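The values are calculated or read from the model by the stated rules, or taken from the named source; none is laboratory data. A quick note: this is a predicted structure, and the numbers were derived from the prediction, not measured. Neighbour counts run over all protein chains shown; Cβ positions are idealised from the backbone, glycine included. Heads up: the accessible areas ignore ligands, DNA and RNA and are worked out on the full protein's heavy atoms, side chains in. Shrake-Rupley method; radii C 1.70, N 1.55, O 1.52, S 1.80 Å.
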Amino acid sequence: MAELKNDRFLRALLKQPVDVTPVWMMRQAGRYLPEYRATRTRAGSFMDLCKNPELACEVTIQPLERFPLDAAILFSDILTVPDAMGLGLRFAEGEGPIFDRPVRSAADVDRLFVPDPEGELKYVMDAVRTIRRELNGRVPLIGFSGSPWTLATYMVEGGSSKEFAHVKGMLYDQPALMHKLLDVTAQAVTQYLNAQVDAGAQALMIFDTWGGALTPRDYQEFSLRYMTKIVSGLKREADGRKVPVVLFTKGGGQWLESMAEAGADALGLDWTVDIGAARARVGDKVALQGNMDPCVLYASPERIRAEVASILAAYGQGSGHVFNLGHGIHQHVNPEHAAAFVEAVHELSASYHP
Ligand code: CP3
């Protein structure tokens with residue numbers, strides 16, 4: 001494997017010294033880029049794009065051709081895992097994801113199985129191998145999955161949801177069944193992430209997009225517990241280097257202390273917490289990734305630069321910070337504003353790494 005030319009992302013996650021603060025953007029390969037939309041049209045649909053390793057590789061690298069980002073993230077989706085567990089995923093135009101066979105009953109949970117990452121999910125591993133080869137050591141490649149709880153919200157609701165009527169109904173009325181569902185999903189996620197490491201992923205991120213919808217007690221029992229179990233089952237070294245793990249619970253700012261005990265190397269932060277206060281709370285336990293409000297990218301390049309400056313100042317001196325947005329980049333953002341964001345992080349952060 002080619003030597004890494006830019007490893008500041010991996011170094012920052014391990015709190016090792018860096019020259020400037022590394023930066024990448026959640027959903028950096030996506031609809032705000034006209035070249036992404038063109039490739040997706042060529043593929044036919046979003047899932048066809050995910051299932052075509054050459055095209056998935058192409059869109060993974062597109063944002064790196066535009067911006068000097070410090071990491072690439074596998075182009076795929078968190079819902080590939082429940083799809084491979086037999087639920088039948090499709091993306092209806094303008095409606096988001098839909099599962100043809102949602103999980104509603106004990107019999108539905110019993111039918112779930114742990115998919116073979118090199119079987120039903122081989123297209124994801126092929127994408128990882130293709131991207132890793134194509135990157136040729138330019139920047140590290142991030143692999144990812146959803147958290148069991150976040151996947152369960154889609155599996156039980158059958159798609160996106162605002163109220164979580166079915167999944168919370170199951171959690172409150174049939175907690176044992178919910179645990180059974182989360183347990184098999186956690187096994188699937190563990191094997192899936194380890195296979196991504198074997199295929200070439202150099203860091204891993206777990207997206208817990210809906211953990212923040214839970215009560216504090218239920219967050220511990222139904223989300224954090226399963227993420228902790230996954231982290232303890234992950235391969236943490238490849239090619240003689242550590243494979244850092246990032247946990248991201250959107251809306252999890254109130255639980256950073258317990259998240260920091262889960263065994264991950266870093267926590268992802270949304271924009272509702274002050275990153276300096278977060279750093280004081282987690283101390284030396286973990287690095288932090290985040291946390292500019294993605295809507296700042298709708299403002300002027302001057303305003304974007306000022307916001308970057310204030311987040312860098314809040315974090316303060318030294319390593320342990322990977323700059324990112326607090327959630328995915330929005331589809332109507334002007335790519336030139338994303339360029340101003342990345343440039344501001346690199347330019348303004350040098351003085352924090354003397
Ligand atoms: O960050 C990246 O560039 C890597 C690719 C990536 C995608 N989805 C591509 C995608 C990643 C890491 C994800 C994760 C994901 N997917 C999450 C967790 C992160 C988060 O955003 O909270 C969730 C909840 C999903 C599920 C999902 N995928 C939904 C609800 C939707 C539809 C909503 C929407 O934005 O249209 C998707 C589709 C999706 N995943 C798109 C992309 C680029 C847009 C699809 C398109 O091109 O039409």
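Number of residues in the stretch 44-95 that are polar (S, T, N, Q), farther than 20 Å from Q202 by Cβ and in contact with a Phe, Trp or Tyr (Cβ under 7 Å, 6 or more places away or on another chain) equals 1.
Does at least one position in the stretch 245-252 carry a residue that is farther than 29 Å from A344 by Cα and of a type outside the set (F, W, Y)?
The answer is no, given that none of the residues of the stretch 245-252 is farther than 29 Å from A344 by Cα and of a type outside the set (F, W, Y).
Being buried (at least 19 other Cβ atoms within 10 Å of the Cβ), more than 23 Å from the chain's Cα centre (by Cα) and at pLDDT 95 or above holds for only one residue in V139, V109, V156, and it is V109. Looking at the stretch 58-71, which of its residues are more than 9 Å from the ligand (Cβ to nearest atom) and not in a loop (DSSP other than H, G, I, E, B)? Once the filter is applied, which keeps residues that are more than 9 Å from the ligand (Cβ to nearest atom) and not in a loop (DSSP other than H, G, I, E, B), the stretch 58-71 yields E58, I61, Q62, L64, E65, R66. Taking the stretch 1-42 as the region of interest, how many residues are away from the ligand (no atom under 16 Å from the Cβ), assigned to a helix (DSSP H, G or I) and either of a type in the set (V, I, T) or open to solvent by 30 Å² or more (accessible area, probe 1.4 Å) (or both)? Summing the residues that are away from the ligand (no atom under 16 Å from the Cβ), assigned to a helix (DSSP H, G or I) and either of a type in the set (V, I, T) or open to solvent by 30 Å² or more (accessible area, probe 1.4 Å) (or both) in the stretch 1-42 gives 2.
Determine, yes or no, whether P97 is in a strand (DSSP E or B) and within 21 Å of V189 (Cβ to Cβ). When the stated conditions are applied, P97 passes them. Every condition in (1) open to solvent by less than 20 Å² (accessible area, probe 1.4 Å); (2) part of a loop (DSSP other than H, G, I, E, B) holds for R104 except the one numbered (1). Confirm whether G94 is over 20 Å from E157 (Cα atoms) and either β-branched (V, I, T) or free of Cβ contacts under 8 Å to residues at least 60 places away in the same chain (or both). Taking the combined requirement at face value, the residue does not satisfy it. Name the residues in the stretch 180-194 that are hydrophobic (A, V, I, L, M, F, W, C) and open to solvent by 10 Å² or more (accessible area, probe 1.4 Å), would you? V184 - this is the single residue of the stretch 180-194 that is hydrophobic (A, V, I, L, M, F, W, C) and open to solvent by 10 Å² or more (accessible area, probe 1.4 Å). Where the second residue is β-branched (V, I, T) and within 11 Å of the ligand (Cβ to nearest atom) and the first is at pLDDT below 95 and open to solvent by less than 20 Å² (accessible area, probe 1.4 Å) and lies in the stretch 51-79, which pairs have Cβ atoms under 8 Å and are six or more apart or on separate chains? Sorted first by the residue in the stretch 51-79, then by its partner, the list stays empty. Checked against the criterion of being under 23 Å from A238 (Cα atoms), out of contact with any Phe, Trp or Tyr (no Cβ under 7 Å at 6 or more places or on another chain) and within 14 Å of the ligand (Cβ to nearest atom), the stretch 101-122 contains not a single residue that satisfies it. The combined condition, being closer than 25 Å to D126 by Cβ, more than 18 Å from the chain's Cα centre (by Cα) and open to solvent by 30 Å² or more (accessible area, probe 1.4 Å), is fulfilled by D198. Does the stretch 43-57 contain at least one residue that is among the hydrophobic types (A, V, I, L, M, F, W, C) and outside any helix (DSSP H, G or I)? No, the stretch 43-57 has no match at all.
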